Amino acid sequence: MRKVTTLGQFIIEKQADFPYAKGELSRLLRDIGIAAKIVNREVNKAGLVDILGDNGTVNIQGEGQKKLDVYADEQFISALRSGGECCVVASEEHDDCILIHSEISKNAKYIVCIDPLDGSSNIDVNVSVGTIFSIYRRATTEGTVCLDEILQKGIYQVAAGYVIYGSSTMLVYTTGKGVNGFTLDPSIGEFCLSHPDMQMPRDGVIYSINEGNYIKFPQGVKDYIKYCQVEDKATQRPFTSRYVGSMVADIHRNLIKGGIFLYPTTSSHPQGKLRLMYECNPLAFIIEQAGGRATDGHRRILEIQPESLHQRTPIFIGSTDMVEKVEEFIRLSAASA
Ligand code: P6P
């Protein structure tokens, strides 16, 4: 009978990895896990209660907010507020960061950037959606946290993770000591360790990109897509195209099977579409920790100095050999331009 390790037990066991921590990060991760279970309950029954569909508001991205978007945002912020370890939240659903002022949080030193429900346009068609979170630490607990303390490079994340609400619900996270995946067991209401020490295949045969934007892509990306489609048995081409339109689902599949996810600049998104602070940085941290690579085509995502909360970036993320290949096409195209 295999030993069942819950998320809570695992976090406590791994606390020894952080001699300086006195349990605050552990409690913060557990708070996020609790909120994920609450959101999961609503995502799983979205079709049965009046929680589908738009709630009539739009977020800073100008995107219509689905009721579940707002619900998920409220649940994660509430859990972080009551947990006492978080001093500020930067959420995709709010223009400005949310300062957490409470007696219990007065010495809180953790900063959380979160996309409460990514891929929400897929909710109404029953396709997997996800939560993505990124955790930083303040250098001080003195005074009110300021924007500069939030806008840290991805290399300074102390933890990052995602929840995928799919055929099963999983929470995958890293604290910089590898990547571990937990599957929610509804019979006991616990996330249980199911994917210890996740390692991404160095190469793969799956590429994920919205080819509907093909004519808007930079030439190097067009050249790479054609490379993926050319028959060459020695390199197992043509590759397989898989695109869910929900970043967490595409990244999770590639993490397990190998592959590359690409969201380049396009004419409609000249800076890229995906957000640095609460989509690209946390997923880049996880993929690098699992042995993969994540860049904007030229530099590591984790090395980008953020200038604003909702900043976007192009992203090429996944199996190292595949990411390096598209970077080669981008370089060659630039050199011949
Ligand atoms: P497109 C969902 O809206 C999202 O932010 C990511 O989850 C997903 O990868 C991407 O946008 C899909 O964008 O332009 O292909 O629909």
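The values are calculated or read from the model by the stated rules, or taken from the named source; none is laboratory data. Because the structure is a prediction, the values reported are computed rather than measured. All Cβ positions, glycine included, derive from the backbone under ideal geometry; neighbour counts span all protein chains shown.
Checked against the criterion of being of a type in the set (Phe, Trp, Tyr) and farther than 23 Å from residue 36 by Cα, the candidates 165, 227, 173 yield just one match: 227. As a summary of the residue check, residue 61 satisfies the conditions (1) assigned to a loop (DSSP other than H, G, I, E, B); (2) within 16 Å of the ligand (Cβ to nearest atom); (3) at pLDDT 95 or above; (4) not β-branched (Val, Ile, Thr) except for the one numbered (3). Per the listing 278, 227, the residue uniquely aromatic (Phe, Trp, Tyr) and farther than 29 Å from residue 334 by Cα is 278.
Scanning segment 1-29 for residues that are in a helix (DSSP H, G or I), of a type outside the set (A, V, I, L, M, F, W, C) and modelled with pLDDT of 85 or more yields 8, 9, 13, 14, 24, 26, 27.
Output yes when any residue across segment 94-102 is in a loop (DSSP other than H, G, I, E, B), under 24 Å from residue 252 (Cβ atoms), touching a helix residue (DSSP H, G or I) at 6+ places or on another chain (Cβ under 9 Å) and modelled with pLDDT under 95, and no when none is. Working first, answer last.
Looking only at segment 94-102, we keep the residues that are in a loop (DSSP other than H, G, I, E, B), and these are 94-97, 100-102.
Add one more test, that the residue is under 24 Å from residue 252 (Cβ atoms), and what stays is none.
Looking for residues that are in a loop (DSSP other than H, G, I, E, B), under 24 Å from residue 252 (Cβ atoms), touching a helix residue (DSSP H, G or I) at 6+ places or on another chain (Cβ under 9 Å) and modelled with pLDDT under 95, one finds none in segment 94-102, hence no.
Residues in segment 314-337 that are crowded, with 16+ Cβ neighbours inside 10 Å and either farther than 24 Å from residue 203 by Cβ or in contact with a strand residue (DSSP E or B) (Cβ under 7 Å, 6 or more places away or on another chain) (or both): 314, 315, 316, 317, 318, 319, 320, 322, 323, 326, 327.
Taking (1) touching a residue at least 24 places away in the same chain (Cβ under 8 Å); (2) within 17 Å of residue 323 (Cβ to Cβ) in turn, residue 225 satisfies each apart from (1).
Counting only residues that are of a type in the set (A, V, I, L, M), in contact with a Phe, Trp or Tyr (Cβ under 8 Å, 6 or more places away or on another chain) and either in contact (Cβ under 8 Å) with a residue 60 or more places away in the chain or over 21 Å from residue 329 (Cβ atoms) (or both), segment 285-310 holds 2 of them.
In segment 132-144, is there at least one residue being under 12 Å from the mean Cα position of the chain (by Cα), within 24 Å of residue 250 (Cβ to Cβ) and either away from the ligand (no atom under 16 Å from the Cβ) or free of Cβ contacts under 8 Å to residues at least 24 places away in the same chain (or both)?
Within segment 132-144, the first condition is being under 12 Å from the mean Cα position of the chain (by Cα), and the residues that meet it are 132-135.
Those left that are additionally within 24 Å of residue 250 (Cβ to Cβ): 132-135.
From the residues that got through so far, the ones that are either away from the ligand (no atom under 16 Å from the Cβ) or free of Cβ contacts under 8 Å to residues at least 24 places away in the same chain (or both) too are 135.
Yes, there is a match, as at least one residue in segment 132-144 is under 12 Å from the mean Cα position of the chain (by Cα), within 24 Å of residue 250 (Cβ to Cβ) and either away from the ligand (no atom under 16 Å from the Cβ) or free of Cβ contacts under 8 Å to residues at least 24 places away in the same chain (or both).
Taken together, 193, 283, 262 contain a single residue that is more than 16 Å from the ligand (Cβ to nearest atom) and closer than 27 Å to residue 161 by Cβ, which is 193. For segment 241-269, a residue qualifies if it is surrounded by fewer than 19 Cβ atoms within 10 Å (Cβ to Cβ), in contact with a helix residue (DSSP H, G or I) (Cβ under 9 Å, 6 or more places away or on another chain) and not in a loop (DSSP other than H, G, I, E, B), and exactly one does: 241.
Count of segment 103-146 residues, restricted to those that are in a loop (DSSP other than H, G, I, E, B), polar (S, T, N, Q) and surrounded by fewer than 16 Cβ atoms within 10 Å (Cβ to Cβ), is 5.
Contact annotation: residue pairs with Cβ atoms under 9 Å, 6 or more positions apart or on different chains, pairing a residue in segment 235-250 that is free of Cβ contacts under 8 Å to residues at least 12 places away in the same chain and more than 7 Å from the ligand (Cβ to nearest atom) with a partner that is part of a strand (DSSP E or B) and of a type in the set (D, E, K, R), are 238/232.
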